[in-house]
Amino acid sequence: MGEKIPMEGVNVSPKMVRVSVSHSSPEGDLTVGFLHPLAQDRINMKLLITEEGKEESRVFCCLAGADGTRTRGLIDSNPDLAKGAEVHEPVGLISIFPLRSSLKTVGLALIALAEARIPVHGFCSSLSALTFVIDHDRLQEALAAFEGCFDFPGEGPAGR
Amino acid sequence: MQPLKAALISLEKGLLDGNTKPPLVNDLETTAAYWEARIKTYGFHRAPDLCLFELAVDSLMIPLFGRALCLMGEEGVPLVLTFSSVTPEGLAACFVVPRLFEGRVRDRLQKEFGPGGDGTRRVLAVDVVFFYGPHFGDRFGIAEAAVKALAGSAIRAVATICSGSCVYIVLPEGRSEEAVRALSETFEIPKASSQKAHGVKQL
């Protein structure tokens, strides 16, 4: 779809754990019930998406691989959380830093990942980055796919 | 580029150690290990009059969904926020645009997917509040503090998204002012901005 979109940079993460929890609990209960024990145990989330619906609530987060076992323990200790939980690892985050996030950038990235047959587990925008959650062993392929539609600064990996 | 955005990019790339070139592969995760009695922020941003689209997108639909987003972007539909998580049926993909563009988005989705074929789960009128603060991406407990602050004022967020140093809260329409008041009781606003406009910037 035309010229490559310039990017200010790209970053990929080390191995991470993806946790998805869904529950038909009253609104708000799942989010608080999930976040509180993690905060008490000083577990940081690199990415968090919660959604509250009338019929279902969902929590999706990525945290450091080293915190996976503790997090599984916390989830398993709460039957309400455990029955709707899925823990998947290792995943990785690939973040691109566009000059300005746009629907076109998100669309191009999704098309690039789909054409490379890389499953997407989630994504989100922030003020300066677009982050995609994929399997960790596909990060380099994702980077190569993104190079087809985005223009990253620098020539070698160190300059990206 | 705006200085604020430049600073955030530096934060999100982890350049606080003075490196001018971000490493492509960051093997060391940053973990901040401090806690404040009142969590500092750089102020709140309020964006009212928005529209959230949520679509169920299975893996076969992703190229079509991506194309629809591309075309909407080329047609000038601004992006406020996008987020998506995996469900047993595929991705639950959400994007938030100014409400002024709701009709254009509906038209584009219908053109690309056909009537009723776009997997739209819901379209909601929403407000967004977002804020950021020092080491927000590297510290535990920030999201919980925000959710608790809202719950204390009986405000239920439609969605909460934390990525990098930013926290985005998607709210039912008309609740953003109330949400900022609730958050301001838990989070500290910089003095300079609190004197000017109670630390709130409206987009």
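Mind checking the dipole of segment B:39-202: about its Cα centre, +1 per Lys or Arg Cβ, -1 per Asp or Glu Cβ, Debye to the nearest 20?
400 debye
What quantity of accessible surface, computed with a 1.4 Å probe and excluding non-protein components, is buried in total between chains B and A, in Å² to the nearest 100?
Heavy-atom accessible area buried at this interface is about 5300 Å².
Taking 0.36 nm per residue of sequence separation and subtracting the Cα-Cα distance, how much length would be gained by fully extending the chain between B:D49 and B:R122, in nm to one decimal?
Length gained, B:D49 through B:R122: 24.6 nm.
Which aspartates and glutamates, on any chain, are close to B:K40 with Cα under 18 Å apart, when same-chain ones fewer than 8 places away are left out?
By straight Cα distance, B:K40 reaches B:E12, B:D138, B:E144, B:E185, B:E188.
Please calculate the 1.4 Å probe accessible area of A:H88, with all protein chains present, and give it to the nearest 10 Å².
50 Å²
When a/c is below 1.5 the answer is rounded, else prolate if a/b is larger than b/c, else oblate, so apply that to segment A:16-89 with a ≥ b ≥ c taken from the square roots of the Cα gyration tensor eigenvalues.
prolate
Would you mind pulling out the separation of the Cα centroids of segment A:71-123 and segment B:56-123, in Å?
17 Å
Quantify how much of the Cα-Cα distance distribution of segment B:51-203 extends past 29 Å, in percent.
In whole percent, the long-distance tail amounts to 25.
Which value at 222 nm does chain A reach when only helices count, each DSSP H run of 4 or more adding -39,500 (n - 2.57), with the total divided by all residues and rounded to the nearest 500 deg cm²/dmol?
Estimated from H runs of four or more residues: -8500 deg cm²/dmol.
Per residue of A:92-105, how many C-beta atoms from partner chains lie within 10 Å of its own C-beta, taken as a mean?
Mean number of neighbouring Cβ atoms from other chains: 5.
Tell me which residues come under 5 Å, amide H to amide H, from B:F187 once H is placed; ignore anything under 5 positions away on its chain.
When sequence neighbours closer than 5 places are left aside, there are no close amide H contacts.
Going Cα to Cα from A:K104, which aspartates and glutamates come in below 13 Å? Please leave out same-chain ones fewer than 8 positions away.
Output for A:K104: A:E3, B:E74, B:E75.
Using only atoms on other chains, find how many Cβ atoms lie within 10 Å of each Cβ of peptide B:73-82 and report the average.
Taking all residues of B:73-82 together, the mean is 5.
On average, how many beta carbons from a partner chain sit within 10 Å of the beta carbon of a residue in A:34-46?
5
Can you pick out the pairs among A:K46/B:K111; A:K4/A:K54; A:K54/A:K83 whose Cα atoms lie more than 31 Å from each other?
The answer is A:K46/B:K111; A:K4/A:K54.
The values are calculated or read from the model by the stated rules, or taken from the named source; none is laboratory data. Please read these numbers as outputs of a predicted model, since none were measured by experiment. Here Cβ is always computed from backbone atoms with ideal geometry, including for glycine, and neighbour counts include all displayed protein chains. Side chains included, ligands, DNA and RNA excluded: accessible areas come from the protein's heavy atoms. Shrake-Rupley method; radii C 1.70, N 1.55, O 1.52, S 1.80 Å.
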